[in-house]
1. When B:Ile102, A:Ile200, A:Ile32 are ordered from fewest to most other Cβ atoms inside 10 Å of their Cβ, what list results?
2. With bins 5 Å wide starting at 0, give me the P(r) of the stretch A:101-202 over every alpha carbon pair, in whole percents.
3. Suppose a student asked you for the relative contact order of the stretch A:67-169, using Cα pairs under 8 Å spaced at least 6 residues apart; what percent would you report?
4. Please identify the trypsin sites (Lys or Arg not before Pro) of the stretch A:156-202 that satisfy two criteria: DSSP loop assignment and at most 12 other Cβ atoms within 10 Å. Which are they?
5. As a footprinting exposure proxy, order A:Arg112, B:Arg100 by other Cβ within 10 Å, with the fewest listed first.
6. Given the stretch B:37-174, what whole percent of its Cα pairs are spread farther than 20 Å?
7. Give the shape of the stretch B:106-165 as rounded, prolate or oblate, defined through the alpha-carbon gyration tensor: a ≥ b ≥ c are the square roots of its eigenvalues, a/c under 1.5 means rounded, and otherwise the shape is prolate if a/b is larger than b/c and oblate if not.
8. What translational diffusion coefficient, to the nearest whole µm²/s, does the stretch A:149-202 have by Stokes-Einstein, given a Kirkwood radius computed over alpha-carbon pairs, a temperature of 10 °C and 1.306 mPa s viscosity?
Amino acid sequence: MKNTFKMVLALIVVVATSAFTIVGTGYDVGDIATDFKLENIDGKMVSMADFNDAKGFIVVFTCNTCPYAVAYEDRVEALNKKYANKGYPVIAIMPNNTDVKPGDSMEAMRARAKAKGFTFPYLMDEGQKVYPQYGATKTPHVYVLQRTKKGHQVKYIGAIDDNYQDASAVTKTYVEDAINALLDGKEVPEKKTRAIGCSIKV
Amino acid sequence: MKYAFFIVVIVSLSFGNVTHKLNFSEDLTSETSHDSLKVVDFNGLEKYLSRKDPNKTYVVNFWATWCAPCVKELPYFEQLNAEYSDNQVEVVLVSLDFPRQIESKLKPFLKKKGVKSEVVVLNDVDSNTWIPKVDENWSGAIPATIIYNKKRKVFYERSFNYQELETELQQFIKIE
């Protein structure tokens with residue numbers, strides 16, 4: 001009897017764990033990412049479809065309140081400066097629940113963008129509907145998309161580079177390498193990377 | 001029956017208090033021990049993820065002072081460490097705080113909270129290499145926890161409350 005109970009318990013754990021994994025999967029490299037329509041800090045609604053000349057996008061799930069995200073703010077801005085006019089602009093999306101993290105409110109996002117001089121859209125994932133579709137789990141979490149006939153295809157998922165502590169000590173610029181490859185019509189060298197980040201607040 | 005349960009709880013609580021008072025000097029030493037925190041790269045951390053004492057269950061929690069859900073669940077790991085020390089359970093708190101904030105933030109935090117579990121700082125920027133070694137399915141979000149013993153190892157990319165944590169742990173220490 002006790003053993004049966006244990007087995008049932010184990011079964012429940014297995015089922016629950018696998019269900020959890022499925023929910024948390026999101027996009028893989030090669031998948032087509034859905035467009036979104038989210039409010040920017042200037043009050044306007046922004047979609048990828050609005051960018052007529054874009055060849056793709058650097059979609060960054062980020063926020064004000066995570067130290068890892070903050071550590072990368074200047075590097076995200078630098079990516080936009082470098083690649084927006086080459087056809088790969090940055091679109092930043094703030095995925096946190098602002099009731100849990102008031103420091104990520106629209107007002108706070110506006111203030112942060114102004115203070116840091118962000119030149120890219122910084123959108124609020126109102127209702128937290130977009131980040132689960134992508135499968136973002138943390139901030140910062142980057143998706144490089146390429147515009148194809150089928151839609152916006154995911155070409156890279158992961159970190160911006162390999163040193164969150166010190167931008168000058170970076171040895172691998174994952175996102176830049178991915179976009180340079182796409183611009184050259186080549187295969188992205190490293191398609192998925194991982195980095196520590198703050199879990200998205202629900 | 002219910003009554004008996006309450007008596008047990010009350011007795012154990014008061015015993016807990018007594019022990020706490022008796023151990024006061026030890027508390028001080030354990031707090032001071034955080035003054036010389038161990039800072040390791042992933043090679044140094046690996047031994048904490050593969051300890052071999054056949055009688056023990058190890059609970060390794062990845063956290064940081066800047067991670068709000070981690071700070072919220074930290075007391076539960078502390079509680080687990082205290083309540084299950086007799087059951088051969090060891091908790092290790094792996095801090096991912098920025099090295100430059102060890103002195104200014106991490107140490108004052110540990111002192112203020114009176115953290116008694118072992119704390120190790122992981123300073124290894126090449127997370128793309130070591131995250132999959134901790135667990136293939138870890139996206140890198142914290143909090144994250146590993147519970148393991150000689151029989152099995154489970155990775156959790158999630159937050160816990162005490163009850164949830166205890167339920168998970170019991171599956172390790174009950175299976176003979």
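1. Values: B:Ile102 16, A:Ile200 24, A:Ile32 12.
Fewest to most other Cβ atoms nearby, the residues stand as A:Ile32, B:Ile102, A:Ile200.
2. Going from the shortest bin to the longest, the percentages are 2, 10, 16, 19, 22, 17, 9, 3, 0.
3. The normalised contact order for the stretch A:67-169 reaches 27 percent.
4. Details: sites: A:Lys172, A:Lys186, A:Lys191, A:Lys192, A:Arg194, A:Lys201; in loops: A:Lys172, A:Lys186, A:Lys191, A:Arg194, A:Lys201.
Loop-located and lightly packed - A:Lys186.
5. Ranked by crowding around the Cβ, least crowded first: B:Arg100, A:Arg112.
6. Percent of Cα pairs beyond 20 Å in the stretch B:37-174: 42.
7. Here the stretch B:106-165 falls in the oblate category.
8. 126
FYI, it's all coordinate maths here, none of it is from the lab. In this text the structure is predicted, and so the values were computed from the model without any measurement. Here the Cβ is made from the backbone with ideal geometry for all residues, glycine too, and neighbour counts use every protein chain on show.
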